[in-house]
Ligand code: ADP
Ligand code: MG
């Protein structure tokens, strides 16, 4: 759940682009920007998923209604944050940290929402033919530790050994995650195995918050949870929202493209989000199960589809697949638009994605 400063900067940049009309954000835990005429109102939270979360209202709701709705969104994010945290436990909550600690032990009764989420995670494993695997924890932990060590001691930065990776991989089978939906219990069947929901958790929680807003009749809202954008409905004038897709070559300030979206989710996975460097070579955080190394097909990949959880799962999975395979998967699922950016800067998109791209001077 750790996120680099650079990644935070990307999230902020995205937010500022999306909401260029919105007043600036400060340092406090939660604050309201100053609305100008009919400009949007926003709240920002720093406490969830180790990233920054924004809730915006473009619909001109009363201050009281916006306060109530953003408080409920914050509450939903907080609950999922606690359930999904693999580094900390919370009193009275059996979460992923508890389940990981208990790996190889007895089944534990958990919150039904966690059961539902883990069933969804297994579904995503099946859908992506195993490219997105929440049981990859043993392998991801090795990469995580190397990234942490590199941050503390860059001169001695190293990548995990091949043998250690191969050994860890033997503890990543999806069948090791045993879920009893009748009893609401979960068990990890191997003491060396662990769950890591970095690829999916934020998008899933974002979707649950969006679901609440929709059920409450909200429209003209935007959630930006650590760069996972979810638009609820449209702007009152029907003009949608323009957001920029970052150029993954972060030595430049330009954007790959700008797109106009409404009533949908937009999630990007990129090599620039979290990485460390060994002997001048960068190692990012999305791991290809075939090589157990950072996936090397693309520099960034953006998924647009209505469900933010699906968008998040696919952003990681498609990142680990060659273009043709990814195109086929997106087409089979339907309602999924994708922008692939290759390491040399070349772009490829689905026709539906291309239709969303805006000329530079439009807003
Ligand atoms: P982010 O959430 O950082 O924007 P992603 O949605 O692509 O980016 O998720 C990346 C995170 O997912 C990694 O930090 C790691 O925790 C986890 N992860 C990496 N590779 C895989 C994989 N192949 N399957 C499942 N989870 C992965
Ligand atoms: Mg993802």
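Results, tabulated for the structure shown:
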item: Filter result for the condition that a residue is at pLDDT 95 or above and either away from ligand 2 (no atom under 16 Å from the Cβ) or over 30 Å from residue 178 (Cβ atoms) (or both), over 247, 234, 253; result: 234
item: The lone exception for residue 216 - which of (1) out of contact with any helix residue (DSSP H, G or I) (no Cβ under 9 Å at 6 or more places or on another chain); (2) over 26 Å from residue 173 (Cα atoms); (3) surrounded by fewer than 16 Cβ atoms within 10 Å (Cβ to Cβ) it fails; result: (1)
item: Some residue of region 162-169 being closer than 18 Å to residue 86 by Cβ, away from ligand 2 (no atom under 16 Å from the Cβ) and buried (at least 18 other Cβ atoms within 10 Å of the Cβ); result: yes
item: Subset of region 52-69 that is surrounded by fewer than 21 Cβ atoms within 10 Å (Cβ to Cβ) and assigned to a loop (DSSP other than H, G, I, E, B) - its residue that is nearest to the chain's Cα centre (by Cα); result: 59
item: Residue 261 being more than 13 Å from ligand 1 (Cβ to nearest atom) and buried (at least 24 other Cβ atoms within 10 Å of the Cβ); result: no
item: Residues of region 269-294 satisfying the condition of being within 9 Å of ligand 2 (Cβ to nearest atom) and assigned to a strand (DSSP E or B); result: 269
item: Residue within region 85-104 that is closer than 19 Å to residue 174 by Cβ, surrounded by fewer than 17 Cβ atoms within 10 Å (Cβ to Cβ), away from ligand 2 (no atom under 16 Å from the Cβ) and modelled with pLDDT of 95 or more present; result: yes
item: Criterion (part of a loop (DSSP other than H, G, I, E, B), at pLDDT 95 or above and surrounded by 14 or more Cβ atoms within 10 Å (Cβ to Cβ)) met by exactly one of 131, 79, 72, 39; result: 131
item: Positions within region 105-128 being assigned to a loop (DSSP other than H, G, I, E, B) and either within 20 Å of residue 92 (Cβ to Cβ) or away from ligand 2 (no atom under 16 Å from the Cβ) (or both), in sequence order; result: 105, 106, 107, 110, 111
item: Verdict on residue 314 being crowded, with 17+ Cβ neighbours inside 10 Å, out of contact with any strand residue (DSSP E or B) (no Cβ under 8 Å at 6 or more places or on another chain) and within 26 Å of residue 139 (Cα to Cα); result: no
item: Candidate set: region 144-166, residues that are touching a strand residue (DSSP E or B) at 6+ places or on another chain (Cβ under 6 Å) and assigned to a helix (DSSP H, G or I); chosen: the one nearest to ligand 1 (Cβ to nearest atom); result: 147
item: Flag for residue 155 being more than 16 Å from ligand 2 (Cβ to nearest atom), more than 19 Å from the chain's Cα centre (by Cα) and at pLDDT below 95; result: yes
item: Whichever residue in region 295-350 is part of a loop (DSSP other than H, G, I, E, B) and in contact with a helix residue (DSSP H, G or I) (Cβ under 8 Å, 6 or more places away or on another chain) and, among such residues, is nearest to ligand 1 (Cβ to nearest atom); result: 295
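The values are calculated or read from the model by the stated rules, or taken from the named source; none is laboratory data. Given the structure is predicted, the values throughout are model-derived calculations rather than measurements. Note that we place each Cβ from the backbone using ideal geometry, even for glycine, and neighbour counts take in every protein chain shown.
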